[in-house]
Amino acid sequence: MFKKSKEIGIQMHEELVKVTNELYTVMKTYHMYHTESISAESKLKDAEKQEEKQFSKSGDLNVNLLRHEDRQPRRSSVRKIEKMKEKRQAKYSENKLKCTKARNDYLLNLAATNAVVAKYYIHDVSDMIDCCDLGYHASLARTFRTYLSAEYNLETSRHEGLDIIENAVDNLDSRSDKHKIMDMHNQVFCPPMRFEYLPHMGDEVCQVSAQQPVQTELLMRYHQLQSRLATLKIENEEVRKTLDATMQTLQDMLTVEDFDVSDAFQHSRSTESIKSVASESYMSKLNVAKRRSNQQETETFYFSKCHAFPVCLCKGLKLE
């Protein structure tokens, strides 16, 4: 169980690293497009200044005093400036659109990443500990209770010491032990700080832009995500119900009260008598082998659902 739990933990951690790497890639893309947008805007402003300067010169001259051959080159120069301005205006609009889309992707990925990271530290870590610890306390309690039953019947003079052990077994609490471990190692299990939005080079927009021309694309994307999210919620609920039922079945297997061996001491305290009674009881090799086979089959199914459920939840959080 520990090995399988460790494998699930490694997979969840790899998914967390993958999500943060995707966030970094999207952020770098946004920064690149924003830089290009700033550069295009600067070039457009330069073209506008040249146009204003050209018009200013044209206004200062008296057109009636210019010869016809002098006006032709000046008109050609004005047309060149206007054409250059149009090209730079088109380039600026294109880069601004790319920057807006990249910023939207960055903000959406940022929110999704923060949700996944928070889920990992608040829920997944605790669930992994429960998964790894499943049945340990119950098995430990059964082992000690079997030992106690045998010792009470063999040596009544040791009751005081056995009472101390029984009290310790009664106080076994997996939830309390888990909380103690998490409190002792608070730095490891405490969720980190949320990823904050990092604007690039004075960019003051910090929300998803839903203006044209990206509004239609966002609405289409929103409806697609809502449809997928509804499907995922149904799948998650089914997996959760199956997981809860399987876990309850496994808990029932692990908490069966088979620790009372008093029947083995009814007639004789000899080893042969104990073997004879045990061979016919619930603890016989055949019964133990059958129970172990059923338990292993249930454990395999339980771990398959434990693996599928966090993945489905993670997908749902990213879509939300």
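The values are calculated or read from the model by the stated rules, or taken from the named source; none is laboratory data. Since the model is a prediction, treat every value here as computed from it, not as a measurement. With ideal geometry, Cβ positions are generated from the backbone for all residues, glycine too; neighbour counts draw on all protein chains shown. With ligands, DNA and RNA removed, areas are computed over all heavy atoms of the protein, side chains included. Shrake-Rupley method; radii C 1.70, N 1.55, O 1.52, S 1.80 Å.
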Exercise. Give me the pairs: first residue in the stretch 1-23 and farther than 19 Å from PRO191 by Cβ, second residue outside any helix (DSSP H, G or I) and at pLDDT below 85, beta-carbon distance under 9 Å, and six or more apart or on different chains, which are they?
Worked result: MET1/LEU134; MET1/GLY135; SER5/LEU134
Problem set entry | the stretch 20-58, residues that are within 20 Å of LYS98 (Cβ to Cβ) and of a type in the set (Lys, Arg) | LYS28, LYS43, LYS45
Problem set entry | VAL169 vs. criteria open to solvent by less than 60 Å² (accessible area, probe 1.4 Å), hydrophobic (A, V, I, L, M, F, W, C) and touching a residue at least 24 places away in the same chain (Cβ under 8 Å) | yes
Problem set entry | Which numbered condition LYS241 misses (of (1) open to solvent by 60 Å² or more (accessible area, probe 1.4 Å); (2) at pLDDT below 75; (3) closer than 27 Å to ASP173 by Cβ) | (2)
Problem set entry | Matching option when the condition is in a helix (DSSP H, G or I), in the same structural domain as ASN21 (by the TED database) and among the small types (Gly, Ala, Ser), among ALA150, ALA118, ALA141 | ALA118
For this session: Give THR113, THR156 a once-over and let me know the one that is buried (at least 17 other Cβ atoms within 10 Å of the Cβ) and either farther than 18 Å from THR255 by Cβ or of a type in the set (D, E, K, R) (or both).
Result: THR113
Exercise. For the stretch 127-136, does any single residue satisfy the condition of being surrounded by 13 or more Cβ atoms within 10 Å (Cβ to Cβ) and at positive phi?
Worked result: yes
Exercise. How many of the residues in the stretch 228-238 are under 20 Å from ASP105 (Cβ atoms) and open to solvent by 60 Å² or more (accessible area, probe 1.4 Å)?
Worked result: 1
